[in-house]
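Input: a single structure, listed below in structure tokens.
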Amino acid sequence: MVDVILGLQWGDEGKGKIVDYFAPQYDIIARFQGGPNAGHTLYVEDKKVVLHQIPSGIFHQNTINIIGNGVVLDPVTLKRECELVASFGIDVKKNLFIAQRTNLIVPTHRALDRASEMQKGESKIGSTLKGIGPSYMDKTGRNALRLGDIMSKSFTTQYIKLRLKHQKLLDNFHFIDDISDWEEEFFEAVDFLRTLNIVNGEYFINEEINNGKKVLAEGAQGSMLDIDFGTFPFVTSSNTISAGVCTGLGIAPQKINEVLGVTKAYCTRVGGGPFPTELNNETGEALRKIGNEFGATTGRPRRCGWIDLVALKYTVMLNGVTKIVMTKADVLDSFQDLNVCTAYTIKGEQTDKIPFQLMQTDVIPEYKHFTGWNCDTTGLIKKENLPDAMQQYVSFINQYIKAPVSYISNGPQREQIIKI
Ligand code: GDP
Ligand code: IMO
Ligand code: MG
């Protein structure tokens, strides 16, 4: 049986904290897509930890963590992360497993990401520049190196062949940076990877499922960044939605049980692209300041705005969400007035559907207004104690998106979560 936790907005919904909270209920936590573009924040022994590739269940001694074949893996980042996790006394050689079909990010992928973004100029995606796009392009273009390849005697030859191919592309971009330092640390990290548990991910996970083990699939990014259904081209290069769990781990759709969708009580986006409810004013500033909305991977300020129920209803549909986890509700504690977007007006017509090209469409968001709750909710532990105004806000969202908000997260710490 497999449950899923994934983001319903443009990423950074707080998935890391929520996976860490639920991890003790599962035997296995499995990342199914994305790569080091993700930054999942959790608190361990009161210390803030940001994970990029290792699943957020790693700090639970009895939980197995798997990096699935749908991930693009940067050996250098992984080595660093393993060292970080080891500093908390966690033995990654015991409870971290990586699928051999996982595609590798090589140094020239990072160079290509930079070159491509530079060439785009004003219309750049705002990529995290971790090599995600070029690496997935090599996967679908059938050129990629995969983790299992590092065990082959011909790995270096295969690597050089791929680098030459990339070099030609980089020459076209007039990219002349020296990547020899990146290469040195890449090969050091590949040596380290050889000491980890590299497994046949699809057999491994299916055997565990057949033995009655409970799996939690952890998504990265958010559904509005999905390569097919997100705000293309301002998206990432993988399927971030629940369908990606099957291809990213090698499990059949009927094995999926609950899909927990994580959304903030408001909305943020980092990087370029459309964001209809964005607030370019002091309210947006206040959300950024109170919510500490700065990218966990790049440190960039996140764009902030009101919750967008048009987008949320869409992503609930795409994912088959069974339960909603609403995070960062406490960030709204001091706001007198709140708005939720219930429709878009496009060319004078109201719609509750996401248009084909959100970027090229003039969208006026329509709002329903709510009075804020104006009290500190960070210490609450029971749903009965939630302020009335918050209950009204949440119950409106429930009705609109037709999925129940089943948990409210009221602070960054593991125990700051209320079951509804
Ligand atoms: P992820 O990528 O979805 O895991 O989210 P990030 O870690 O990038 O960003 C979420 C940020 O919000 C992190 O700094 C978390 O520590 C923090 N956070 C998560 N849940 C809550 C919450 O309920 N309240 C507050 N105030 N912060 C939260
Ligand atoms: P987590 O898992 C928020 C955004 C980037 C950029 C676009 C493409 O922490 O929620 P890429 O590096 O994939 O080529 O960037 O996607 N993006 C994220 N935004 N959270 C993330 O991950 C993101 N991963 C990528 O800012 O706009
Ligand atoms: Mg993040």
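Can you pull the percent of the chain's accessible area that's carbon plus sulfur, 1.4 Å probe, other chains left in place?
Numbers: 8990 of 17950 Å².
On the chain, the fraction of accessible area on carbon and sulfur atoms equals 50 percent.
Scattering from the range 361-403 was approximated by placing one identical point on each alpha carbon and applying the Debye formula without solvent; log10 I(q)/I(0) at 0.13, 0.27 1/Å stands at -0.40, -1.03. Enter the angle in degrees (range 0 to 90, nearest 10) between the Cα long axis of helix 155-172 and the first principal axis of the Cα atoms of the chain, meaning the one along which they spread out most. Once rounded, the angle reads 60 degrees.
For a modelled paramagnetic label at GLN350, 7 Å from Cα along Cα-to-Cβ, the residues of the range 305-322 in reach, with backbone nitrogen under 20 Å, are 306-314.
Axis angle, to the nearest 10 degrees, between helix 388-401 and the longest C-alpha principal axis of the chain: 60 degrees.
Beyond 18 Å, what percent of the Cα pairs of the range 103-193 remain?
Values: 1791 of 4095 pairs.
Of the Cα pairs, 44 percent sit more than 18 Å apart.
Evaluated over the range 264-419, the count of Lys pairs having alpha-carbon atoms less than 14 Å apart is 11 (only pairs 8 or more residues apart or interchain). The peptide list 375-385, 332-342, put in order of mean Cβ contacts within 10 Å with the highest first, becomes 332-342, 375-385.
Between THR157 and THR195, what's the calculated FRET efficiency when r is the beta-carbon distance and R0 is 25 Å? Round to 0.05.
Details: r = 22 Å, r/R0 = 0.89.
Given R0 = 25 Å and the Cβ-Cβ separation, E is 0.65.
Annotation: aspartates and glutamates with alpha-carbon distance below 17 angstrom to LYS165 (same-chain offsets under eight excluded): ASP113, ASP138, ASP177, ASP178, GLU183.
Can you bin every Cα-Cα distance in the range 264-419 into 5 Å intervals starting at zero and give me the percent of pairs per bin, rounded to whole numbers? Result returned by the calculation: 2, 9, 17, 21, 21, 18, 8, 3, 1, 0. Pair-distance distribution P(r) for the chain, from all Cα-Cα distances in 20 Å bins starting at 0: 27, 57, 16, 0 percent. 3J(HN,Hα) along the range 337-348: 10, 10, 10, 10, 7, 10, 6, 10, 9, 10, 6, x Hz, from the Karplus curve 6.51 cos²θ - 1.76 cosθ + 1.60 with θ = phi - 60°, whole Hz, x for Gly and Pro.
Model label sites at GLU366 and GLN392, defined 7 Å from Cα along the beta-carbon direction, differ in position by 2.1 nm.
Relative to the dominant Cα principal axis of the chain, helix 309-319 is inclined by about 50°. The ratio of the alpha-carbon radius of gyration of the range 213-337 to the globular-protein estimate 2.2 N^0.38 Å is 1.13. Annotation: amide H of ALA343 within the under-5 Å range of GLU366, sequence separation 5 or more or interchain, hydrogens built in the peptide plane. Working note: Karplus 6.51/-1.76/1.60 with θ = phi - 60° gives the range 143-148 the couplings 10, 5, 9, 10, 3, x Hz, where Gly and Pro are set to x.
On full extension of the chain, what length is gained from LEU84 through PHE294, given 0.36 nm per residue of separation minus the C-alpha to C-alpha distance? Please list the in-between numbers first.
Details: separation 210, 0.36 × 210 = 75.60 nm, distance 2.14 nm.
Taking LEU84 through PHE294 to full extension adds about 73.5 nm, to one decimal.
Partner lysines whose Cα lies under 23 Å from the Cα of LYS124, excluding those fewer than 8 positions away in the same chain, are identified as LYS139, LYS168. Each peptide among 94-106, 150-162 gets the average number of other Cβ atoms lying within 10 Å of its residues, and from highest to lowest they stand as 94-106, 150-162. Amide H to amide H distances under 5 Å link VAL199 with ILE98, ALA99, GLN100, where only residues 5 or more positions off or on other chains count and H is placed in the peptide plane. Under 19 Å from the 7 Å Cα→Cβ point of SER406, by amide nitrogen: which residues of the range 187-223? So the set is 213-220, 223. Let me make sure I get this right: for the range 1-76, a, b and c are the square roots of the gyration tensor eigenvalues over alpha carbons, sorted descending. Under 1.5 in a/c it's rounded, otherwise prolate if a/b > b/c, else oblate. Which is it? Taking the square roots of the gyration eigenvalues as a ≥ b ≥ c, the range 1-76 is rounded.
The values are calculated or read from the model by the stated rules, or taken from the named source; none is laboratory data. Quick caveat: nothing in here was measured; it's all calculated off a predicted structure. Counting neighbours? That spans all protein chains shown, and the Cβs are built from the backbone with ideal geometry, glycine included. Surface areas here come from the heavy atoms of the whole protein model, side chains and all, with no ligands, DNA or RNA. Shrake-Rupley method; radii C 1.70, N 1.55, O 1.52, S 1.80 Å.
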